[in-house]
Every structure is written in C-alpha cells, then in structure tokens.
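Data first, discussion second: the structure below is written as structure tokens.
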Amino acid sequence: MNQDLNAKKSIAKSSFEETLIENGFLILLFKNDESFMQSVAKEIDSTFLQFHFCVKGSTKFVFNQGRYTLDIHEENSLLLYNPQRELPIDLQVEPNSWIISILISIKKFHGLFSLEADYITFLSEDNKDKKYYKDGIISPSMAIVLNQLINYNLNQTIKPLYFKGKAYELLSLYFNRSEDADVEQCPFLVDEANVIKIRKAKDIVVSRMAEPPSLQELADEIGLSLKKLKEGFKQIYGDSVFSFLFDYKMEVARKLLEAGDDNVNEVGFKVGYSTSSHFIAAFKKKYGTTPKKYVMSLN
C-alpha cells in the first residue's frame, strides 16, 4: 500500500495525520479549516476495508477518475470494500470539514471476528469475495471516540497505543448490535415508514433534550406502540432512547465547554440539568472527570 499522501492544495491552516497502528492497520485524520475545498488522494489496494467518518462538515468521495461521486455528510459514516478492484481514496473535503478514516486489511479484520464470521455480513462464506458498501449514522458514543482522536494531546510516544485502543473501540461500537432487537425479531423495521418514525423519535428527543417527552408520549407522538419504539430505536441506533439521549447530551455539553462561552452551570442547564451537582455527576460518570477539570485539561 502506498503510504504517501498526495495533497493537491495547500494545507497551511489544515492538518493531515497518518498514524500507523501496526502492519495492515492505520488511521487517517484530515481537518480542512480553510474557507475553500481541498482535495486529498491516497492509493489503497483492494485488500483493505475502508471506514470513513465525517465528524464535521461534508466530504465528497470521487471514483473512476471523477465519473462517479458519493457524498458523506456530518455525523455519517461510510464503509467501503471491493476485493475485485482498487479503491483509491480521492476526497474533496469541503471548507470547515473534518474526516477520520480507519483502514484495515481484510485479513487482519477477519482475525478480529474469526469465531463469528457470519456476524459481519461481508465476512460470510457467500459474500467474502463480493464488494460491500454501507452508509450509516455516527452514534453519540462513536462521536465521543472520534473527537478523542481529533483532540489527542498526550505524549507522542504513546500515540500509536492510544489510537489503537480507540480504533478498536470505534469498530466495536460500529458493529455493536442488540441480541434482542434482531431484524428477524422486529420485522416491522422492514417497513420504511416505521424506520422514518423511529428517526423522527430521535430528532424529537434531540431537539427537546432539556425537557424530553416520556417514552409513552414519544411513542404516541410518532404513532408507534411503546414496544416497537423501544425495539426499533435499539435496532437502528444501538442503544435505548434515554441512553442514547444521555450520550448525546454529554457530547453537546463537552462541545459547549470547549467553546468556552458558558460556565459549568449554564452548560448543565442547557442540556437539561436543573442543578450543577447533577450535571457534574453525570459528566463525571461519562468522561471520568469533572467539567471544570475537563476545561482545565484543554488549556
């Protein structure tokens, strides 16, 4: 695999990082903080799985010398694999956009799931030589890991070890699925109308995170039974409604603290905590540190 980066525009106000975790396993991180689009290209051979995560903004993937393009927007992911042909990375990164890519050889990846190969669709015996494409959303739990990679500020000597741990954590979250919310057990999800209702439920709790409706109120509002709401939400988002909302609120709180425009009390109130002590306890439960210490660590 060609390890050279071909950056077609100046990256003076942006950054590209390539971290080799081990042979056949690396992480690419590109931040375009300019006011214009930037292009990045990298040769990748056909033995690699590509996981792309758009953390911020928007990025366009260019295929076949520009004859085909594919957009990936903020908080969305894209998995690419084609053992039949090369899939070189050719990105058009929009202004103020960040993207993280995990590249892992199919041989190494298969080793991670060797006991349950059929668990991952494209690793099954019938599909192992077929191309695979999957887009999806970035869950709040995944967003936390991605931001930890972007905001890495520890000693450079432990960076490969830290990135390796985070990469495995990210892949675990990506492929996590609930044993009690399998598609076969939840056939209603095959109905696209019900999938739309579940996504609407997510939008509702996010938009009203400070005062979210109860599960029954939410089910009534989207027009699904409570059982289907709970099963469907876990199937699509990999978590219960309020566990998902907790992660989302903590991610919003972390970003507000980083922005520095609000104090701890104000941040807690914005994400739905009436007392600072409850917010501090929740933040510490999620991140292992208090909001104040987190802000101090940024400096």
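Among the candidates L112, L26, which residue alone is aliphatic (A, V, I, L, M), modelled with pLDDT under 85 and either surrounded by 20 or more Cβ atoms within 10 Å (Cβ to Cβ) or out of contact with any His (no Cβ under 8 Å at 6 or more places or on another chain) (or both)? Criteria check complete, one pass: L112. Out of curiosity, is E211 in contact (Cβ under 8 Å) with a residue 24 or more places away in the chain and surrounded by fewer than 20 Cβ atoms within 10 Å (Cβ to Cβ)? The answer is yes for E211.
Being closer than 17 Å to M142 by Cα, of a type in the set (V, I, T) and in contact (Cβ under 8 Å) with a residue 12 or more places away in the chain is true for just one of V264, V271, V295, V241. Which residue is that? Explain how you work it out, then say what you get.
Details: V264 fails: closer than 17 Å to M142 by Cα; V271 fails: closer than 17 Å to M142 by Cα; V295 fails: closer than 17 Å to M142 by Cα.
None of the others qualify; the one that does is V241.
The set of residues from the stretch 34-53 being over 22 Å from G111 (Cβ atoms), in contact (Cβ under 8 Å) with a residue 60 or more places away in the chain and out of contact with any Leu (no Cβ under 8 Å at 6 or more places or on another chain) comprises E34, S35. Pairing residues of the stretch 92-107 that are assigned to a loop (DSSP other than H, G, I, E, B) with residues that are of a type in the set (A, V, I, L, M), at Cβ distances under 9 Å and at least 6 apart in sequence or on separate chains, gives E94/M37; P95/M37.
Among the residues that make up the stretch 267-276, is at least one of them surrounded by 13 or more Cβ atoms within 10 Å (Cβ to Cβ) and modelled with pLDDT under 90? So far as the stretch 267-276 goes, no, none of its residues is surrounded by 13 or more Cβ atoms within 10 Å (Cβ to Cβ) and modelled with pLDDT under 90. When K197, K286, K228 are checked against the criterion of being of a type in the set (K, R), modelled with pLDDT under 90, surrounded by 14 or more Cβ atoms within 10 Å (Cβ to Cβ) and more than 24 Å from the chain's Cα centre (by Cα), K228 stands alone in meeting it.
The values are calculated or read from the model by the stated rules, or taken from the named source; none is laboratory data. As the structure is a prediction and not an experimental result, all values here were calculated from the model. Please note: Cβ atoms are built from the backbone with ideal geometry, for glycine as well, and neighbour counts cover all protein chains shown.
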